[in-house]
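Report on one structure; see the data block that follows.
Just so you know, all these numbers are worked out from the coordinates, no wet-lab data involved. Since we're looking at a predicted model, the values are computed, not measured. We place every Cβ from the backbone using ideal geometry, glycine too, and count neighbours over all the protein chains shown.
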Amino acid sequence: MSAATPADGAGAGIPRVAVVVFPGSNCDEDAALASRNVLGADVKMVRHDERALGDPDLVILPGGFSYGDYLRSGAMARFSPVMESVAAFAGQGGAVLGICNGFQILCEAGLLPGAMLRNEGLRFVCRDVFLRVESKRTPFTLAINKGDVLRMPVAHGDGNWTAEKRVYEEMLARDQVVFRYVRADGSRGEGGNPNGSLDDVAGICNVRGNIVGLMPHPERASEELLGGTDGARLFKSFATTRMAMHGA
Amino acid sequence: MTVLVKVMLKPGVLDPQGKAIADALHRLGYGAVSDVRAGKIFRIEVDTDDPKAAREAGSQMAEKLLANPVIEDYELVLEEAGAAAGAPR
């Protein structure tokens, strides 16, 4: 295995990651694998009907099609018992990462602003995209340079994020846009945005910066074997942030 | 009673489905179609004869689950039990 050993994990101990498993989640094992291989984490899979997260450092809401995506993507997962624990954990400043369907769930739950519309082209889009890091204020981007361009895959039909104008202006003022879709050279424009999202937004955070949601899949770009390692940078940034917080 | 909950994207919110349907109608020759908005209707049977209770239940269900207030508006229509299905033609 080419798994990076978390040699820098000594001071604060091994990170604990809770991966939530909803009926219809299908990237839960990928998220767990990336957490183990990149973070060297002790991973606990937490079912939708459980409440105990197990005192984690990080909660991941993985991709998939929770509850069949019926009604609206993420609309029903929001009412799972586990989400009360996730909201409480986030409320205390705990780090939460929502990937794809996890991002949709965070929006439906009101933990992140905005909502998802059907992709502009009405097609399910499954391809690599380029993301530009727009903010360093989250644990997942603190150790990445603003302006860096990351390549990772998207796979979604409802990723067209939008928000009311007033809400979006507040978000901009508070530096809540974390990632934007760009072209390979880092510029915005035709061909960059796969779903028509408002202002090319690919990922956002809450006001405090501890909850992050993004449509692309960093866990699917976390090892060379998967075709890229740019996604691993989000996990590594989390590890660095965690070490800094533990005063190591 | 039957509560119909109609959910539509708010005016001004992009509706990719409606746009695709409008394009299809144009291709079928309906050139007079200027706009299409696609929505959802939920037909919910509620065990009550009290229109007020049925309406209250309907609006709670719409606000909690059926509509996302960030992007959607909803409208309630009440029907007497059997009014739609059993009415003489």
**Request:** Could you tell me which numbered condition A:S80 fails, if it satisfies all but one of (1) polar (S, T, N, Q); (2) out of contact with any Gly (no Cβ under 6 Å at 6 or more places or on another chain); (3) surrounded by 20 or more Cβ atoms within 10 Å (Cβ to Cβ); (4) farther than 18 Å from B:L65 by Cβ?
**Result:** (4)
**Prompt:** Which one of these is surrounded by fewer than 18 Cβ atoms within 10 Å (Cβ to Cβ), away from chain B (no Cβ under 14 Å), touching a residue at least 60 places away in the same chain (Cβ under 8 Å) and outside any helix (DSSP H, G or I): A:G98, A:G93, A:G54?
**Reply:** A:G93
**Message:** Tell me yes or no: at least one residue of segment A:63-74 is aromatic (F, W, Y) and touching a Ser or Thr at 6+ places or on another chain (Cβ under 9 Å).
**Reply:** yes
**Request:** Of all residues in segment A:203-232, count the ones that are surrounded by fewer than 23 Cβ atoms within 10 Å (Cβ to Cβ) and of a type in the set (K, R).
**Result:** 1
**Item:** One residue from A:D199, A:D175, A:D148 being within 14 Å of another protein chain (Cβ to nearest Cβ), of a type in the set (D, E), surrounded by fewer than 21 Cβ atoms within 10 Å (Cβ to Cβ) and over 14 Å from the mean Cα position of the chain (by Cα)
**Value:** A:D199
**Message:** Taking the condition of being more than 10 Å from chain B (Cβ to nearest Cβ) and not in a strand (DSSP E or B), how many residues in segment A:159-168 meet it?
**Reply:** 3
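Considering only residues that are within 14 Å of chain B (Cβ to nearest Cβ) and more than 18 Å from B:E72 (Cα to Cα), which ones fall in segment A:112-128?
A:G121, A:L122, A:R123, A:F124, A:V125
Could you list, in sequence order, all residues of segment A:57-86 that are part of a loop (DSSP other than H, G, I, E, B), away from every other protein chain (no Cβ under 14 Å) and more than 18 Å from the chain's Cα centre (by Cα)?
none
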**Complete:** A:R36: passes all of (1) more than 19 Å from A:L111 (Cα to Cα); (2) in contact with a helix residue (DSSP H, G or I) (Cβ under 8 Å, 6 or more places away or on another chain) but (2)
**Prompt:** Of the residues that make up segment A:108-119, is at least one in a helix (DSSP H, G or I) and farther than 19 Å from A:D28 by Cα?
**Reply:** yes
**Fill in**
Of those in segment B:1-27 that are more than 10 Å from every other protein chain (Cβ to nearest Cβ) and charged (D, E, K, R), the residue surrounded by the most Cβ atoms within 10 Å (Cβ to Cβ) is B:K6
